[in-house]
Structures are given as C-alpha cells and as structure tokens.
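The structure under discussion appears below in the form of structure tokens.
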Number of protein chains: 2
Amino acid sequence: MASGLPEPEPLLTLVEALRCLPGVGVRSARRMAYHLLQRDPQGALKLGAALTEAVTGLRHCERCNSFTQDAVCATCSNADRDTTLLCVVETPADQNMVEASHGYRGLYYVLQGRLAPLEGVGPDQVHFAQLLERATDGVVREVILATNFTAEGETTAYYLADMLRARGLTVTRLARGVPSGSELEYVDAGTIAWALMERRPTQG
Amino acid sequence: MASGLPEPEPLLTLVEALRCLPGVGVRSARRMAYHLLQRDPQGALKLGAALTEAVTGLRHCERCNSFTQDAVCATCSNADRDTTLLCVVETPADQNMVEASHGYRGLYYVLQGRLAPLEGVGPDQVHFAQLLERATDGVVREVILATNFTAEGETTAYYLADMLRARGLTVTRLARGVPSGSELEYVDAGTIAWALMERRPTQG
C-alpha cells in the first residue's frame, strides 16, 4: 500500500511483524494492527504475552514430535495407549481430528510437514530419520499412514510406506471412500471411483 | 474443532489469544499457532514484542485522532499543511490512500469507525463530539467527507454533513464516478448511473 504519511515507528513495526502470520499480507496486517489498537488493546497485550510464552515454553515431544511442555507429551506418557500402533499425521490439527473420531487408541507421530518436492521439501526437511527411529523401537507393530489425501500427502504416504515396510513393519493407510453422511450426487467423481475400487462385502 | 487430546496449556492459550485478530476463528488460530511454533518462532517472538510495544507506546493524536507516539501527530504538526481544510476518513488506512493520491495538502480527522446502526454503533460510539470540536476551531473552513461509499459510510457522511453545515462550515464529499483507468463495460450500473447524474462540462 502506498503511503505518504509519516507513521509512528511502533505501528510500522507491528504491521511488519504481523506478516509472519500465514496468509497475511501488508493490507491485512494493517487492518489487524488498526483493529487491535482501536478495538482490542487488551487482546493485543494478551496475544503478545501468549506468543512469548508459547515459543519459550513449548518444545517437541521426544517421541511423537508434537508440541509439549515436557520432554514427553501427555499422550505418549499415557499408559492406557496401545504402544504397538503408530499413527503418522502431518500436523497436530490432523492428530486432533483422528483423536476426535474416538476410533483410535494407539500412539501418534506428527511429521510437522509433508514431502513437497516442488517447494524443495524433501525427506531431510521433514526429518524422516526421527520417525524411522521411533517406528523401529521394537514395540510398534503397525504404522497407520494418516497423511492428507492431497498430492503432497499421498507422495509422503507412498514414500513412508516403502521405507517402513522395508523395516518389516505392517503399514496401512486410512481408507478412502464416500464421506459419512454425504449424498452421492454431491461427492466428486474421483472419490466415487475410489469407493468403487475399494468396495467391500457387506456384513451379515 | 473437537479435540480429545490433552494439549499443553501455552498452546491452548496462544490459540485462544490469536482469536482477537479480526476474522480469525478457532481453526485459523490453530493453523497460525502451529505455523509460528514450527516454522517461525523468531517471527512469533518479534510479533509478541511488537504488540506490547505498539499498545503501550501509541495513543490517539489530540487533533486528528490517528495513532501517534506524541500528543500531536507528525501530520498535524506539519506547518506546510493547509489548516483551513479538514478531510474526514474512517480509518488510518483510508487516510493513507488519500495521502497517496498526492492531491491533498490539508489536515485529517480519523473517525476510527463509522455509524452502523444495525451493529449498535451510534454517534456517541464514534465520538462525533471530538470531531465537532476539532472542526469548529475557527481555522477550518471546509470539511471534506471521505468516508467509504458503502451503506455505513454514506450514512456517516450524511449525518456529519448535517451536523457540520449547521455550524456554518462548507461541507463537501469526494466525487463519485467511473474509476480512473476503467472500461465502462466492467463498471457496475450503479456507478454509471452516478457518473451520468454528476456529469460535468468538458474543459476548453
């Protein structure tokens, strides 16, 4: 945005700093800055403190690579979990969604990324070595690949499947098919094609 | 977003705090938090400091109501400005756009809002009294209303025009018409209608 006005330094610094947020350009950053200063200075102070607190207080869990305050996170230290199952997800948000399904009692590994060759993100950038070490601890029997069903997620799953199967582990992938509760008319053709290919016998 | 995982406190606090940003819901807040923690902790620390700095270091200019570090902002203290002209805008962003046109050498008044009766924002919430005091300082001769050409902006301009004209001030509004550089085919009908109504004789 062109500007001919001499603006106060703290405002310019704040606008620039807000651009570290994903998807926020100069214009959005300005709108956010004006909004916070005019309508919610208390919220801005809280956010400021929360950012510092989170960055200094959180680290990666040694076992699952998710965020935690301790060396090992609450999920990995939970004795009720099935330690023979390891579910690989891209982000903590994905991990939350799997957990919210109430259909899984094993442990997790959070990649915190995915292979994206076009963006220059290869196996080294996603630290696959750490996952390999985790998966070959002798306790894990099956690795469930729950990366996204996007081009990058599929590439990641394909690569990991090869790598983990070579170590003698059972490797599975989340089922693909028609979403629960959806009408066929509104499901895309690719999904229907997969659901047909992976059709299964009815029970009973 | 449903979540069954015990998440570390600083992460939850950060997600909650990010929701003070305009247009950011739980899902975006989570994505932002994960992004900052994983990809840009330095940016997050800078943003944290910038927020505190801006909120504690900035205040409203006594004359124009924009943000400043001093009692009176750099623009209002500029002796080269025409003090008989006062341009009323909704936000500092609008002020920047007027300034970037290089077509104005007068002073500004920033409403930091606009009338929005449907949202319960009336004349008292937008502090019109302060504008009135500023505009009737005996030096200002003309007030240029540069609020947006939206329903709320027009309502605000209409209200202010009445109020200021009653005090003996000349009140003008930004011209409405076909945007510079645009093709008629792609201009909306309402704009063309206004441009026809407010047509003016050619020069020379």
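The values are calculated or read from the model by the stated rules, or taken from the named source; none is laboratory data. Fair warning: this is a prediction, and the values are worked out from it, not measured in the lab. Neighbour counts run over all protein chains shown; Cβ positions are idealised from the backbone, glycine included. In case anyone asks, the SASA skips ligands and DNA or RNA and just uses the protein heavy atoms, side chains included. Shrake-Rupley method; radii C 1.70, N 1.55, O 1.52, S 1.80 Å.
Before moving on, here are some points about what is shown:
- Probe 1.4 Å - accessible area at B:E183, Å² to nearest ten: 120 Å²
- Residue-averaged 222 nm ellipticity for chain A, from DSSP H runs of 4+ at -39500 (n - 2.57), nearest 500: -12500 deg cm²/dmol
- Nearest-20 debye value, the protein assembly as shown charge dipole, Cβ charges on Lys, Arg, Asp, Glu: 80 debye
- Close amide H partners of A:Y108, meaning residues 5 or more places away or on another chain with modelled amide H under 5 Å apart, are A:C87.
- For the stretch B:113-204: rounded, prolate or oblate by the Cα gyration tensor [a/c cutoff 1.5]: oblate
- What the phi angles of the stretch A:178-183 give under the Karplus curve with 6.51, -1.76 and 1.60, with θ = phi - 60°, is a coupling list of 6, x, 4, x, 9, 9 Hz, glycine and proline written as x.
- Total charge dipole magnitude, the stretch A:60-201, about the Cα centre, Cβ charges on Lys, Arg, Asp, Glu only, Debye to nearest 20: 460 debye
- Per-residue Karplus couplings for the stretch B:74-89, computed as 6.51 cos²θ - 1.76 cosθ + 1.60 with θ equal to phi - 60°, are listed in order as 4, 5, 5, 8, 6, 5, 7, 7, 7, 7, 8, 10, 10, 9, 9, 10 Hz, Gly and Pro entered as x.
- Peptide B:18-28, shielding by other chains (average Cβ, 10 Å cutoff): 5
- Taking every C-alpha pair closer than 8 Å and separated by at least 6 residues, the mean separation divided by the residue count of the stretch B:60-201 gives a relative contact order of 19 percent.
- Annotation for the stretch A:51-96 versus the stretch B:1-58: alpha-carbon center distance of 18 Å.
- The antiparallel fraction among DSSP beta bridges confined to the stretch B:60-201 stands at about 15%.
- Summarising the strand pairing of the protein assembly as shown, around 20 percent of its internal DSSP beta bridges are antiparallel.
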